[in-house]
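Take a look at the structure set out below.
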Amino acid sequence: MISVAEAIQIVRQQTQTLSTERVELEKTLGRVLAADVIADTDLPPFDRAQMDGYAVRANDVKETPARLRIVGESAAGRGWHHQLEEGQAVRIMTGAPVPAGADSVQQVELTTELKDGTVVELLETVETGKSIVKRGSEITTGEIVLRAGTTINAAMMAVLAAFGYAQVEVFQRPHVAILATGSELVSVDQKPGQDQIRDSNNYSISAYAELAGASTERMPLTRDETSLLETQIAEAAKRSDLIVTSGGVSMGVYDVTKAALKELDAHIFFERVALRPGKPTVFARLPNGTLVFGLPGNPVSVSVTFNLFARTALRVMQGTAEPELKRETAVLARSVKGTVDRESYLPAQLTTNDDAELVAFPLKWGGSSDFVAFALTTALVIVPANVRAIEAGALVGVVRLP
Ligand code: AMP
Ligand code: MG
């Protein structure tokens, strides 16, 4: 049995990053940048007014009220490109270029126009530099604005657009085939008969895989027969980077997933992890290079093991800088029990308290099959192996679930 950390290490080592592709900007939300993004212009590209008002020389407004002659107007997209001289002012709008010779912008609320708009009276003095954002003060040309390995979020779409990235070089999305095994399983649109249950894992797994950036397909439900499973895995391997099965990895007579993988000459990297829930998790590679995770069938084990291991592989495939779930520290709100020889990942909800500390509320749940209770989970509390219990108030490691 290997530790969770060792298992994650093996996943990272054995998973290869996919190639890159150029994608239209509007299709890149959630994709991972394959190259640094470089500014092709200064930001702002010119000295920019931050307020509606008057561009002036601060020296001309030392004594107030000061009267200045309005010599022009600078609007966004249509600037006034002359030299501002002593005693002059230019009417200016937010976002417009500040004319040469002006060194400050007084906001319109502190001014009055006189004589049919040919003169402006400024009621207060103005500091040099007021309401002007200098050219290049935010970003200078050639600067790296986003790093390769970053997952593109909504705000980054604006950054890419601002620097002319109509197409973006990103890593390819992995394709994941999802395969539920178990002779008891029927599909969602059927009423389970005697001894049957509906397959639910296929849906959580494909949702988690999509949250991890993958495209997915669900294979037909497969009975606990080695040859059937072999056929489905071989079929799925033709068109996927990763196959995720659930069920059939325990020690029972009908647990045939490993037998099928062996028949297909898969190389098995690990098949037991010191983890609760999720001990019998399998990680393997088929001769054609497709990676396989054989997750235990219990729906809660599926969520935990998918997000610790399969998600990490999917993020490595996409070249992300930090492929693992980020570990944070929280105050434990209720005591939890650990397990001999195994690290526990227990369902919890995260909130903050009045001291702005992160607090983890472990959820009461009926074990690794209690997926209805698990649906309220937002994070997992980590209890190290061989720790008998952690008391309320102690600090614990947590990972947020996607
Ligand atoms: P197994 O790992 O095959 O021993 O399955 C463990 C438990 O998970 C059993 O109670 C199964 O019926 C259940 N289970 C297995 N596969 C699924 C699935 N696709 N959806 C819901 N429950 C499942
Ligand atoms: Mg089974």
| the range 358-402 versus the range 272-318: alpha-carbon centroid distance in Å | 20 Å
| Sites A375 and D265, calculated FRET efficiency, Cβ-Cβ separation with R0 41 Å, nearest 0.05 | 0.60
| field | the range 65-137, Cα convex hull volume normalised per residue, Å³ | value | 90 Å³
| request: Please work out whether the range 22-162 counts as rounded, prolate or oblate from its C-alpha gyration tensor, where a ≥ b ≥ c are the square roots of the eigenvalues and a/c under 1.5 means rounded, while otherwise a/b larger than b/c means prolate and anything else oblate? | output: prolate
| query | In units of 2.2 N^0.38 Å, what is the alpha-carbon radius of gyration of the range 36-107? | reply | 1.20
| message | Quick check: with the 1.4 Å probe, what order do R342, R67 take by accessible area, largest first? | response | R67, R342
| task | Starting with the highest mean, order 324-332, 84-92 by the number of other Cβ atoms within 10 Å, averaged over the residues of each peptide. | result | 84-92, 324-332
| field | At R0 = 51 Å, FRET efficiency that the Cβ-Cβ distance of D189 and E391 yields, to 0.05 | value | 0.60
| Within the chain, percent of DSSP bridges classed antiparallel, to nearest 5 | 70 percent
| query | When only C-alpha pairs under 8 Å and at least 6 residues apart count, what is the relative contact order of the chain, in percent? | reply | 16 percent
| Per 10 Å bin, what percent of the C-alpha pairs of the range 267-339 does each bin hold, from zero upward? | 17, 40, 33, 8, 2
| said: Tell me the net charge near G79. Cut-off is 13 Å between Cβ atoms, G79 excluded, with +1 for each Lys or Arg and -1 for each Asp or Glu. | reply: +2
| request: Just grab the label-to-label distance for E63 and A75, each label 7 Å out from Cα along the Cβ direction, in nm (one decimal). | output: 3.6 nm
| Mean projected area in nm² (Cα convex hull; one quarter of hull surface) for the range 249-402 | 10.3 nm²
| query | Per residue, what volume in Å³ does the Cα convex hull of the range 348-392 take up? | reply | 93 Å³
| Antiparallel DSSP beta bridges within the range 180-294, percent to nearest 5 | 45 percent
| remark: Label model pair Q50, V119: point-to-point distance (7 angstrom along the Cα→beta-carbon line) in nm is 3.1 nm
| query | How high is the relative contact order of the range 207-295, in percent, counting Cα pairs under 8 Å that sit 6 or more residues apart? | reply | 26 percent
| Cα centroid of the range 152-218 to Cα centroid of the range 11-70, whole Å | 34 Å
| message | Once you keep just the Cα pairs under 8 angstrom separated by 6 or more residues, what percentage relative contact order results for the range 261-402? | response | 24 percent
| Over the range 1-66 - Rg/Rh using Cα atoms and the Kirkwood inverse-distance radius | 1.41
| Cut-off 14 Å (backbone N to label point 7 Å along Cα→Cβ of D36), residues of the range 135-172 | 140-150
| field | Entries of K62/K134; K191/K238; K279/K326; K27/K238; K279/K337; K279/K364 with Cα pairs more than 29 Å apart | value | K191/K238
| task | Compute from the Cα atoms of the chain the Rg and the Dmax, the latter being the longest Cα-Cα distance, and quote both in angstrom. | result | 30.5, 97
| note | Magnitude of the Cβ-charge dipole (Lys and Arg +1, Asp and Glu -1) of the range 93-132 about the Cα centre, nearest 20 debye, reported as 120 debye
| remark: Between K238 and R198, the FRET efficiency computed from the C-beta separation at R0 = 35 Å comes out, to the nearest 0.05, as 0.80
| the chain, helix-only ellipticity at 222 nm - DSSP H runs n ≥ 4, -39,500 (n - 2.57), divided by all residues, nearest 500 | -4500 deg cm²/dmol
| message | What is the sum of charges, Lys and Arg at +1 and Asp and Glu at -1, for the other residues whose Cβ falls under 14 Å from the Cβ of F46? | response | +1
| said: Let me check I've understood the local charge: for F269, count other residues with C-beta under 13 angstrom from its C-beta, Lys and Arg +1, Asp and Glu -1. What total comes out? | reply: +2
| field | Within the range 242-386: Cβ-based charge dipole about Cα centre, in debye rounded to nearest 20 (Lys, Arg +1; Asp, Glu -1) | value | 260 debye
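The values are calculated or read from the model by the stated rules, or taken from the named source; none is laboratory data. Quantities reported herein were computed from a predicted structural model and do not represent experimental measurements. All Cβ positions, even for glycine, are placed from backbone atoms using ideal geometry, and neighbour counts span all protein chains on display. Surface areas here come from the heavy atoms of the whole protein model, side chains and all, with no ligands, DNA or RNA. Shrake-Rupley method; radii C 1.70, N 1.55, O 1.52, S 1.80 Å.
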